[in-house]
Amino acid sequence: MNSLGHQFCKGKKFDIVRIGLQETSKKLMERARKVAPAGVNSPVRAWNAVGGDPLVLVRGRGAEVFDADGNGYLDMVCAWGPLIAGHAHPDVVNAVLHVAKRGTGFGAPTPPEIELGERIVEAFPSIEKVRLVTSGTEATMTAIRLARGATGRDRIIKMDGCYHGHSDGLLVKAGSGAATLGVPDSAGVPPDIGALTSVVPYNDLEALHASLAEENPVAAVIIEPIAANMGVVPPDPGYLEAVVAATHAAGGLVIFDEVITGLRVARGGAQELFGIKADLTALGKVIGGGLPLAALGGRADLMDYLAPEGPVYQAGTLSGNPVACTSGKETMKLLTPDAYARLEKSGAQLEAGLRERMQAAGVTGCVQRVGSLLTLFFGVTEVRNFAQARSNDTEAFARFFRAMSAAGVNLPPSSFEAWFVSLAHGEAQIERVLDAAEVSFGA
């Protein structure tokens, strides 16, 4: 047995891990389906896109997760991005336990939320003030309301395939789980609300200019600066700068949805990476270190439109929860320049290794990466927008996913999702993923 609890089969060039029985996970999912739709609390977890029963995970440690049957997996999901330090990092866990013992919430200002707010403002030059919320959906929803309140305009422009949470006005040609399910427009969204959102292709400036020129003026353009919900799709050179300039020329505000990229691709997110500033920024995932936490931040003159300072209402019972803020604060302490250098090294190792093994196996596809975010697309050689992402070979990915799972690697169960590298993924862990991939490309 290895440290992950698998059995090894001796291969020609390396050891191949094979997962044991998963009967307990299956029984738990049978119970779950009786009390929750499809047995899950977020759609992509259901494995509809790849087939089979999802794993029921019970614990994590570093780069590893363990299912209810005791099988271990090298984890490339990292709770969908928040766990940049790895699972159960002792500094984070100990700090959370210390704060939780003194009370898990007060409904009043607490030191952890002030300290986390100070760290966010320090990390993002475009953020002068911040409002903490509980989820990325809350952050983007509030950003839209704030932009409308500040400009007196109603229309929003988003990019096809960019996912900004499940609020009504943003579930129009969305990515992430909506893309996986093949229902980019959700039932239950009134047409009048959807009509206030215009959609243009990502990386298409001509389409953006045309939309901005329409008679109905734009309150804001909301964009993932690095698309990561249709798979990882980097912006073309100069694209983000042109988006900001064109939007401002039309009198609108620019909202960067950095729920995934914030603190992930750099301490100051994609804005630091590309040397650009947004008017408003939505943050999530990493800033909570694995606990429910998100934020909206931006220029002080805009943020002061929020209640109780201004007329734009937003509130939340658990906003700024001290336990979640402590988790985020301690995670941010770990994100030093050396930490980002390590993440880049591991990401580059994974990217190069996947490309080499894919080519050796004669598989058509591409690997797209920015920092510690990566997606492996099958059947396409480049993805610049959602139309190209949708043309990827989802059946080939499903076969690859199942083979990787059987070999002890936990991947996101959709070809439209990003893989996440953490500080717990060292050279040895990345090589294990690559060894499994070498076998799985032939599945």
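Tabulated values for the structure
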quantity: Those residues of segment 46-61 which are of a type outside the set (K, R), surrounded by fewer than 19 Cβ atoms within 10 Å (Cβ to Cβ) and either at pLDDT 95 or above or farther than 17 Å from F401 by Cβ (or both), in sequence order; calculated: V56, L57, V58
quantity: Which numbered condition T140 misses (of (1) surrounded by 24 or more Cβ atoms within 10 Å (Cβ to Cβ); (2) among the polar types (S, T, N, Q); (3) at pLDDT below 95); calculated: (3)
quantity: Single condition I193 does not satisfy, out of (1) modelled with pLDDT of 95 or more; (2) among the aliphatic types (A, V, I, L, M); (3) assigned to a helix (DSSP H, G or I); calculated: (1)
quantity: Filter result (closer than 22 Å to V58 by Cα and aromatic (F, W, Y)) within segment 374-431; calculated: F401, W419, F420
quantity: Residues of segment 394-443 satisfying the condition of being part of a helix (DSSP H, G or I), under 14 Å from F377 (Cβ atoms) and polar (S, T, N, Q); calculated: T394
quantity: Flag for G320 being part of a loop (DSSP other than H, G, I, E, B), closer than 12 Å to T134 by Cα and not charged (D, E, K, R); calculated: yes
quantity: Pair list, Cβ < 8 Å and 6+ apart or interchain, from segment 169-198 residues that are not assigned by TED's automatic domain parsing to the domain that holds S42 and among the β-branched types (V, I, T) to residues that are buried (at least 17 other Cβ atoms within 10 Å of the Cβ) and modelled with pLDDT under 80; calculated: V172/P184; V189/L171; V189/V172; T197/V172
quantity: Residue match in segment 240-253 (condition: under 11 Å from F124 (Cα atoms) and either surrounded by fewer than 24 Cβ atoms within 10 Å (Cβ to Cβ) or not hydrophobic (A, V, I, L, M, F, W, C) (or both)); calculated: no
quantity: Subset of segment 216-249 that is aliphatic (A, V, I, L, M) and in contact with a Pro (Cβ under 7 Å, 6 or more places away or on another chain) - its residue that is nearest to L283 (Cα to Cα); calculated: I226
quantity: Count - residues of segment 415-427 that are surrounded by fewer than 24 Cβ atoms within 10 Å (Cβ to Cβ) and over 15 Å from L354 (Cα atoms); calculated: 3
quantity: Every residue from segment 406-433 that is more than 22 Å from A228 (Cα to Cα), of a type outside the set (D, E, K, R) and in contact (Cβ under 8 Å) with a residue 40 or more places away in the chain; calculated: A406, A407, G408, G426, Q429
quantity: Any chance G175 is buried (at least 23 other Cβ atoms within 10 Å of the Cβ), within 13 Å of R390 (Cβ to Cβ) and modelled with pLDDT of 85 or more; calculated: no
quantity: All positions within segment 258-306 that are farther than 25 Å from A418 by Cβ and in a loop (DSSP other than H, G, I, E, B); calculated: D279, R299, D304, Y305
quantity: Selected residue (only one of E309, E330 is closer than 27 Å to P412 by Cβ and either among the charged types (D, E, K, R) or assigned to a strand (DSSP E or B) (or both)); calculated: E330
quantity: Options F420, F397; residue that is among the aromatic types (F, W, Y), more than 16 Å from K345 (Cβ to Cβ) and at pLDDT 95 or above; calculated: F397
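The values are calculated or read from the model by the stated rules, or taken from the named source; none is laboratory data. Just so we're clear, the structure is a prediction, and the values are computed from it rather than from any experiment. Glycine also receives a Cβ, built like all others from the backbone with ideal geometry; neighbour counts cover every protein chain displayed.
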